[in-house]
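For reference, the structure is listed below as structure tokens.
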Amino acid sequence: MIFVVDFGSQTSHLIARRIKGFGVLTKIVNPQEAYRRIKEEKPQGIILSGGPSSVYQKKSPTINKEIFDLRIPILGICYGFQLATSLLGGKVIPGKKEYGPASLKMGNGKWEMGNKLPQQFTVWMSHGDEVIELPKGFKVIGSSDGVPFAFVGNEEKKIYGVQFHPEVEHTEYGSRILKNFINLCDAKIQKREIDIEKIQNKIKEEVGSSYAIGAVSGGVDSTVVAVLVAKIIGKKFIPIYVDNGLMRPKTDVYIKKIFKSLSIKPIIVNVRKEMLKLLKGVTDSEQKRKIIGNFYIRIFEKEMRKQIKKGNDVRFLLQGTIYSDVIESQGTKHSAKIKSHHNVGGLPKKMKLKLLEPMRSFYKDEVREIGRKLGLPEEFINKQPFPGPGFAVRIRGEVTRKRLEMEKKADEIVLSELEKTGILQNVFLSFPVLTNAFSTAVKGDGRNFGEVVAIRIVESKDIMTSTWARIPYDLMQKISSRIVNEVEGVSRVVYDITTKPPATMEWE
Ligand code: XMP
């Protein structure tokens with residue numbers, strides 16, 4: 001068994017999942033209880049996660065120093081590495097900030113942790129502090145240009161540290177590094193499987209004989225979760241689609257089709273006009289999310305009352321919340337708040353329905369795996385995710401009817417051009433952003449001061465990190481020409497070449 005001590009990293013659960021993926025039992029523990037539990041449960045290895053704090057700050061999370069004397073292999077990642085350094089007598093200072101890819105060069109030493117690693121590979125950094133002095137007994141395994149102590153270890157004590165993040169998919173050989181650590185921990189390998197029956201039994205137990213109302217959006221998460229629940233409670237599950245006009249066109253048709261195959265008729269509520277009225281004059285992204293989230297719940301409550309009037313015992317609100325939504329809305333004890341995703345943070349306090357979120361602890365690729373196991377067709381499973389607040393967070397500034405139409409038209413162009421070239425299925429997200437920045441164009445003979453549209457196309461598997469898609473120049477040209485020609489009010493198209501971290505995928 002491996003312990004992951006969670007110092008509030010966005011990726012603590014991702015570390016745990018990677019380790020579990022090797023078939024090793026993994027537990028996430030809080031720093032406060034870590035020492036006691038390590039003594040009691042005797043894990044074969046300990047990983048100290050990253051986190052948003054700085055070790056030199058007062059009240060930053062720490063751990064009992066004696067864990068380094070227990071002769072259990074330890075791997076510190078980012079903050080975990082800095083903490084180990086500082087507890088063992090090294091030095092950490094506010095350093096040069098570094099986010100995104102860096103090139104790691106391995107030294108000449110022979111290390112178990114360096115097994116099957118090439119001489120040079122790309123790693124992902126996300127830090128503002130830096131280790132400038134190693135504790136006694138530590139040596140450098142590898143360095144990057146900016147970080148001399150990027151990968152270090154004390155072979156005798158089996159304590160290692162990495163400044164980069166081996167758990168994210170964009171760190172090349174990240175899995176190999178974690179596997180090397182597991183191998184030297186001597187942890188027992190077991191087979192890991194997602195047990196659909198177990199998840200369904202839990203839902204059955206929780207819902208009992210009452211009804212559940214399901215928030216469906218046509219996206220992968222809500223589709224998978226709805227089908228999962230509908231397969232157990234049948235017509236006692238009432239899917240509702242709030243058509244607020246902020247979703248991709250024809251989503252309603254798509255939703256009807258899915259539920260038809262389960263003999264369920266979804267309730268479709270058209271609130272497009274009201275939604276735009278509520279968003280009038282609103283420019284702040286968090287405020288948009290709250291307004292959209294609150295409105296959405298209000299509609300649900302109204303539908304719930306209708307159902308209760310009919311004599312149905314509705315007690316649950318089903319949501320397709322997945323694990324990345326939870327962490328990015330500050331789900332773990334020490335993590336920093338990035339955005340309040342509407343299906344978690346924007347819920348009004350006095351909500352009258354109990355939340356049912358069976359996918360809350362799963363990552364996107366696991367949700368897709370569950371979808372496949374439920375027999376959903378690949379076209380549904382591979383659909384791009386779409387944010388709950390929809391186009392509203394892809395329109396910087398006020399969402400007006402005109403700007404929403406512009407966004408939808410540009411979105412349709414991006415999607416259709418990517419589809420024609422077969423690239424659509426290989427990217428995680430693709431969308432235009434109305435940037436609320438304006439620039440000059442000359443259209444015909446006239447000067448035109450129109451809006452700048454940014455195109456964001458990203459590749460990602462775990463959502464926590466992404467790279468911008470290297471699409472062909474000709475395709476960029478086609479998208480750009482079509483948008484400036486066909487979408488009135490647009491003067492210029494730019495391509496977003498920022499990785500995550502630091503930039504989130506959505507602009508708001
Ligand atoms: P970011 O922008 O946080 O996006 O890198 C990661 C994933 O989350 C989606 N996203 C949202 N989903 N409500 C949602 O349901 C939201 O408020 C929200 N904001 C971002 C985004 O589309 C991507 O898939």
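The values are calculated or read from the model by the stated rules, or taken from the named source; none is laboratory data. Keep in mind that what you see is a predicted model, and the values were worked out from it rather than measured. All Cβ positions, even for glycine, are placed from backbone atoms using ideal geometry, and neighbour counts span all protein chains on display. For the accessible areas, the whole protein counts, side chains as well, though only heavy atoms, and no ligand, DNA or RNA atoms are used. Shrake-Rupley method; radii C 1.70, N 1.55, O 1.52, S 1.80 Å.
Computed values, structure above
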item	result
Meets criteria (closer than 24 Å to ILE141 by Cβ and either among the hydroxyl-bearing types (Ser, Thr, Tyr) or assigned to a helix (DSSP H, G or I) (or both)) for THR62	no
Enumeration of residues in the stretch 124-137 that are crowded, with 18+ Cβ neighbours inside 10 Å and farther than 24 Å from GLN57 by Cα	TRP124
Filter result for the condition that a residue is more than 16 Å from the ligand (Cβ to nearest atom) and assigned to a helix (DSSP H, G or I), over LEU404, LEU415	LEU404
Hits in the stretch 449-468 (condition: outside any strand (DSSP E or B) and at pLDDT 95 or above)	none
Residue that is surrounded by the most Cβ atoms within 10 Å (Cβ to Cβ), among those in the stretch 409-445 that are among the charged types (D, E, K, R) and farther than 26 Å from THR465 by Cα	LYS409
In the stretch 419-446, residue farthest from the chain's Cα centre (by Cα) [restricted to those that are part of a loop (DSSP other than H, G, I, E, B) and among the aliphatic types (A, V, I, L, M)]	ILE423
Some residue of the stretch 140-153 being under 22 Å from the mean Cα position of the chain (by Cα) and not acidic (Asp, Glu)	no
All positions within the stretch 44-55 that are touching a residue at least 60 places away in the same chain (Cβ under 8 Å) and in a loop (DSSP other than H, G, I, E, B)	GLN44, GLY50, GLY51, PRO52, SER53, SER54, VAL55
Candidates GLN82, GLN10, GLN44 - the one that is at pLDDT 95 or above and open to solvent by 40 Å² or more (accessible area, probe 1.4 Å)	GLN44
Residue identified as open to solvent by 20 Å² or more (accessible area, probe 1.4 Å) and modelled with pLDDT of 95 or more among LEU276, LEU262	LEU276
Number of the condition not met by VAL29 [criteria: (1) within 26 Å of the chain's Cα centre (by Cα); (2) hydrophobic (A, V, I, L, M, F, W, C); (3) surrounded by 23 or more Cβ atoms within 10 Å (Cβ to Cβ)]	(3)
Residue tally, condition within 16 Å of the ligand (Cβ to nearest atom) and open to solvent by 10 Å² or more (accessible area, probe 1.4 Å), over the stretch 296-319	1
Residue within the stretch 476-483 that is away from the ligand (no atom under 16 Å from the Cβ), aliphatic (A, V, I, L, M) and closer than 24 Å to VAL168 by Cβ present	no
Evaluation of ILE395 against (1) away from the ligand (no atom under 16 Å from the Cβ); (2) at pLDDT 95 or above; (3) not acidic (Asp, Glu) (one fails), failing number	(1)
Pairs with Cβ under 6 Å, 6+ apart, first in the stretch 87-111 and more than 16 Å from GLU130 (Cβ to Cβ) and modelled with pLDDT of 95 or more, second open to solvent by 40 Å² or more (accessible area, probe 1.4 Å) and of a type in the set (A, V, I, L, M, F, W, C)	GLY107/VAL140
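Okay, residues lined up against (1) assigned by TED's automatic domain parsing to the domain that holds ILE46; (2) open to solvent by 80 Å² or more (accessible area, probe 1.4 Å); (3) more than 30 Å from LYS310 (Cα to Cα):
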{"site": "TYR173", "(1), (2), (3)": "yes, yes, yes"}
{"site": "ASN180", "(1), (2), (3)": "yes, no, yes"}
{"site": "ILE203", "(1), (2), (3)": "no, no, no"}
{"site": "VAL207", "(1), (2), (3)": "no, no, no"}
{"site": "VAL216", "(1), (2), (3)": "no, no, no"}
{"site": "LEU228", "(1), (2), (3)": "no, no, no"}
{"site": "LYS231", "(1), (2), (3)": "no, yes, no"}
